[in-house]
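This report refers to the structure that appears directly beneath it.
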Amino acid sequence: MRIDVVSLFPEFIAQCAGFGVVGRAQERKLLALHGWNPRDHAEGNYRRVDDRPFGGGPGMVMMIEPLQACLAAARAADPAPPHVIYLTPQGAPLTQARVRELAARPRLVLLCGRYEGVDERLVASAVDEEISIGDYVLSGGELAAAVVIDAVARLQEGALNDAESATQDSFEADGLLDCPHFTHPASHALGEVPAVLRSGDHAAIARWRRQQALGRTWLRRPELLDEAGLSRTDRALLEAFRQEACQTVPKKA
Ligand code: 6GU
């Protein structure tokens with residue numbers, strides 16, 4: 001897929017996307033990233049991209065013209081019509097379900113605001129969708145764009161190696177949190193690896209992992225269980241987890 005990023009700091013995005021899975025997705029030509037700087041499309045000696053807000057108040061607002069010209073240049077760089085996303089705390093919360101939908105598109109444009117935001121007329125005319133990555137304030141959309149890029153890049157066919165398979169990740173398989181993981185040494189001053197994981201009994205291991213995923217989700221994000229569509233077996237596993245949790249001294253899962 002192709003992603004064009006409109007940002008006053010396009011190098012920041014390129015840096016963020018240069019490592020690990022996302023870097024490899026680019027090397028494998030599964031992801032083509034292109035940065036576009038509105039400053040390159042601004043007029044005058046000062047190449048101004050922002051101005052004071054009408055109605056007064058603190059902060060600056062990104063102006064229509066440089067963004068419009070920049071978006072037009074980005075759009076024209078490829079024949080595929082893009083889905084244009086504005087990263088803003090006012091947007092719809094990003095979820096793995098949204099990520100899956102975005103990852104299936106051939107082309108995205110990510111518009112990053114700075115200052116107090118972008119002139120609303122530009123948002124209304126040029127943006128298809130507004131996305132937020134959570135209920136906190138960042139100084140600009142760049143980190144949020146990097147989050148979107150990472151989340152969609154790893155879902156591109158061939159981006160992950162077998163060992164990194166996405167289907168067992170938290171949220172991906174079933175909307176539950178992931179179970180705990182352990183590696184060598186089996187015995188350590190910090191504790192023992194649960195015996196079941198060393199038993200070689202694959203059915204028992206799968207049951208334990210499922211129970212841990214259910215139990216952790218119940219402890220940490222109980223609202224996720226409402227949407228998870230639990231089977232009868234799941235309910236029984238969770239009930240057993242709850243019973244045990246009530247009997248033992250509360251301990252961080
Ligand atoms: Cl997408 N942008 C900014 N500036 N802050 C955020 C955000 C986005 N999502 C959460 N906080």
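Results, tabulated for the structure shown:
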{"quantity": "Given (1) surrounded by fewer than 17 Cβ atoms within 10 Å (Cβ to Cβ); (2) over 25 Å from R24 (Cα atoms), index of the condition G175 fails", "calculated": "(1)"}
{"quantity": "Checking A195 against (1) in contact with a helix residue (DSSP H, G or I) (Cβ under 8 Å, 6 or more places away or on another chain); (2) surrounded by fewer than 16 Cβ atoms within 10 Å (Cβ to Cβ); (3) among the hydrophobic types (A, V, I, L, M, F, W, C), the condition it does not meet", "calculated": "(1)"}
{"quantity": "Any hit, region 142-155, residues being assigned to a loop (DSSP other than H, G, I, E, B) and over 17 Å from the mean Cα position of the chain (by Cα)", "calculated": "no"}
{"quantity": "Matching option when the condition is assigned to a helix (DSSP H, G or I) and farther than 20 Å from I149 by Cβ, among P66, P79", "calculated": "P66"}
{"quantity": "Pair list, Cβ < 7 Å and 6+ apart or interchain, from region 120-134 residues that are outside the structural domain of L94 (by TED's automatic domain parsing) to residues that are at pLDDT 95 or above and surrounded by fewer than 17 Cβ atoms within 10 Å (Cβ to Cβ)", "calculated": "none"}
{"quantity": "Answer residue from region 82-103, given it is within 17 Å of A151 (Cα to Cα) and in contact with a Lys or Arg (Cβ under 8 Å, 6 or more places away or on another chain) and is nearest to the ligand (Cβ to nearest atom) among those", "calculated": "A92"}
{"quantity": "Boolean, V109 is touching a Pro at 6+ places or on another chain (Cβ under 9 Å), closer than 24 Å to A159 by Cβ and part of a strand (DSSP E or B)", "calculated": "yes"}
{"quantity": "Neighbours by Cβ (under 8 Å, 6+ apart or cross-chain): first from region 212-237, loosely packed, with under 10 Cβ neighbours inside 10 Å; second modelled with pLDDT under 95 and of a type in the set (D, E, K, R)", "calculated": "G229/D174"}
{"quantity": "Test for S187: is it within 26 Å of A151 (Cβ to Cβ) and out of contact with any helix residue (DSSP H, G or I) (no Cβ under 7 Å at 6 or more places or on another chain)", "calculated": "no"}
{"quantity": "Leading residue by the ranking (nearest to A92 (Cα to Cα)) among those in region 104-141 that are within 15 Å of the chain's Cα centre (by Cα) and either away from the ligand (no atom under 13 Å from the Cβ) or among the small types (G, A, S) (or both)", "calculated": "S132"}
{"quantity": "L94 vs. criteria surrounded by 14 or more Cβ atoms within 10 Å (Cβ to Cβ), under 18 Å from V22 (Cα atoms) and at pLDDT 95 or above", "calculated": "no"}
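The values are calculated or read from the model by the stated rules, or taken from the named source; none is laboratory data. Just so it is clear, the structure is predicted and the values come from calculations on it, not from any experiment. Glycine gets a Cβ as well: all are built from the backbone with ideal geometry, and neighbour counts include every protein chain shown.
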